[in-house]
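The structure appears below as structure tokens.
Derivation of every value follows stated rules applied to the coordinates shown; laboratory data play no part. On a predicted model such as this, the values are computed, not experimentally measured, just so you know. Cβ placement follows ideal geometry from the backbone for every residue including glycine, while neighbour counts extend to all protein chains displayed.
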Amino acid sequence: MVYCGHSQKVQKVMVQPTSLIFRYLQNRSQTQIQLYEQVNMQIGGCITGFDEYMNFVLDDAEEIHSKTKSRKQLG
């Protein structure tokens, strides 16, 4: 958010999803991905690649179950 002078005007910037994902890839950020079909499970890890269809390649991936709070290493 950017505040200009004394006014309370806020400028919002639209960021493309691929730009955001590419930033996570460059920074080797630990990321959690919410699954569409399985709402109680997430996949976490470092993004090492992705394509235009939003298929991800993760390093040190783990399956995270939100109901049981369990984690399973995937690779």
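Taking the Cα centre of the range 17-73 as origin and assigning +1 to Lys and Arg Cβ atoms and -1 to Asp and Glu Cβ atoms, the resulting dipole is close to 300 debye.
Estimated purely from DSSP H runs of n ≥ 4, each contributing -39500 (n - 2.57), the mean residue ellipticity at 222 nm for the chain is -4500 deg cm²/dmol once divided by its residues. For Val57, the residues 5 or more places off, or on other chains, whose built amide H falls under 5 Å of its own are Thr48, Gly49, Phe50. With contacts taken as Cα pairs under 8 Å at a separation of at least 6 residues, the range 17-73 carries a relative contact order of 25 percent. When the Cα positions of Tyr53, Val15, Ile33 are compared along the charge dipole of the chain, Val15 comes out farthest toward the positive end, with charges on each C-beta of Lys, Arg, Asp and Glu. Could you work out how far helix 17-27 tilts from the main Cα principal axis of the chain, as a 0 to 90 degree angle to the nearest 10? The angle comes out at about 70 degrees. Using the alpha-carbon positions of the range 17-73, Rg (one decimal) and Dmax (whole number) come out as 11.6, 33 Å. A simple spin-label model places pseudo-atoms 7 Å from Cα toward Cβ; at Met54 and Ile21 they are separated by 0.8 nm.
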